[in-house]
Structures are given as C-alpha cells and as structure tokens.
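As structure tokens, the structure follows; a few thoughts come after it.
Throughout, read-outs are computed from the coordinates displayed, never taken from laboratory work. Predicted, not measured: the structure shown is a model, and the values here were computed from it. Positions of Cβ are generated from backbone atoms using ideal geometry, with glycine treated the same way; all protein chains shown enter the neighbour counts.
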Amino acid sequence: MSTLLKDRTIKIKKARRCSWCDEMLHVGEKAQYTVMIYEVDFNADTFHLECYEALCDLPNDEPYDTGSMSRGCLCLKGECRCKPLKEAGKMSAGKKTCKWEQDDEGIWHTDCGNAHVIEADGPEENGMKYCCYCGKILKEAEKPKVEEVG
Ligand SMILES: [Zn+2]
Ligand SMILES: [Zn+2]
Ligand SMILES: [Zn+2]
C-alpha cells in the first residue's frame, strides 16, 4: 500500500535526476514532484512530466526500479521500442518527397504505401513530378546496383 502525500508540478531550482529515467532535470525545467509513503518509508521523487505520465500509466502500484526506466514510457531503460517508432513516424510525416522504388516485376512502390504500374520507363520519363497518390514531390529511388556474381 502506498499513500500519495504530495503531487504537484514544480519548476526545478536545483538540477537533479529523474526518479523514473535517471536523466537530468535541468534548472528551470518543469517537473512533477511527488511525496509518497510506502508503508513506513517516505519517498520524495521528481520526474520529467512525460515520465510522470508514464508512471501514471503503470498498472496499480506496480513497482518499478528507480532510474531504470526509459524516458516518457513504460519500457526498461535501453529496451525502448516506442521512441524509434515515434521518431520514424515524425520523419516520414515531415518529408516533402515520396520515394518510388521499382521492384523486380517492374512495379513501382511508393513511400506512401501504393503500388503503381508504368507502361514504359520510369515516372520521371513519363513527366510525373508529383506522386499521384499523396501529392508529394516524386523521387525515384536509385536503382540498386546489381552485383555481378562470377
Ligand atoms: Zn525522466
Ligand atoms: Zn518505450
Ligand atoms: Zn506518395
């Protein structure tokens, strides 16, 4: 059983480490400050706001090891798979081009997840400047170099 005594957002006055991810909380940064009682022990913790959100997502009072978690999520430190995913999502959302890549069958596969068949030549030769599916600038993928086996 644990009891929450204090739970408020503070502004860091003295740099310290986040109890969740062990990364630094810098002076001036907003953070969540909590004081808990675990049976007889007092526990004062400071978290990054996103780490505190992760903590709140933790199923009822499930224990975690202080400083051993990934920043802003429920994964163990170094085992996080959501961050690369999030960043990859951001990257493709921010891209202005749509890459078209031709497979062995001659079908063009687009970055935006479509497949297109062109009668002859590539999209550029056919005067296609923009992807006809997503409207972004069409970029032909460089043809992979075929390694000669011999
Ligand atoms: Zn943190
Ligand atoms: Zn994660
Ligand atoms: Zn596209």
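May I ask what percent, to the nearest 5, of DSSP beta bridges between residues of the chain are antiparallel?
Of the beta bridges lying entirely in the chain, close to 85 percent run antiparallel.
For residue 9, what charge total do you get from the other residues with a beta carbon under 14 Å from its beta carbon, if Lys and Arg give +1 and Asp and Glu give -1?
With Lys, Arg at +1 and Asp, Glu at -1, the net is 0.
Identify which of 127, 106, 72 has the largest mean-square fluctuation in a Gaussian network model of the chain, with springs joining Cα atoms closer than 10 Å.
127
Below 15 angstrom from the Cβ of residue 42, what's the summed charge of the other residues (Lys, Arg +1; Asp, Glu -1)?
That sum, taken over residues with Cβ under 15 Å, equals -3.
Out of every Cα pair in region 1-53, what percent are spaced more than 13 Å from each other?
Summing the P(r) tail past 13 Å for region 1-53 gives 55 percent.
What net charge do the residues around residue 68 carry, taking every other residue with its C-beta under 15 Å from that of residue 68, with Lys and Arg at +1 and Asp and Glu at -1?
For residues surrounding residue 68, the net value is -3.
Put one equal scatterer on each alpha carbon of the chain, apply the Debye formula with no solvent term, and list log10 I(q)/I(0) at q = 0.12, 0.13 1/Å to two decimals.
Result of the Debye calculation: -0.68, -0.71.
Just to be sure I follow the definition: excluding the sites themselves, where is the longest run in the chain that has none of the trypsin sites (Lys or Arg not before Pro) in a DSSP loop with at most 16 other Cβ atoms within 10 Å?
The answer is 15-76.
Would you mind giving the average projected area, over all directions, of the Cα convex hull of region 94-140 in nm² with one decimal?
Dividing the Cα hull surface by four gives the mean projection, 3.0 nm².
Tally the DSSP beta bridges in region 94-146 and give the antiparallel ones as a percent, rounded to 5.
Approximately 65 percent, going by the DSSP bridge assignments.
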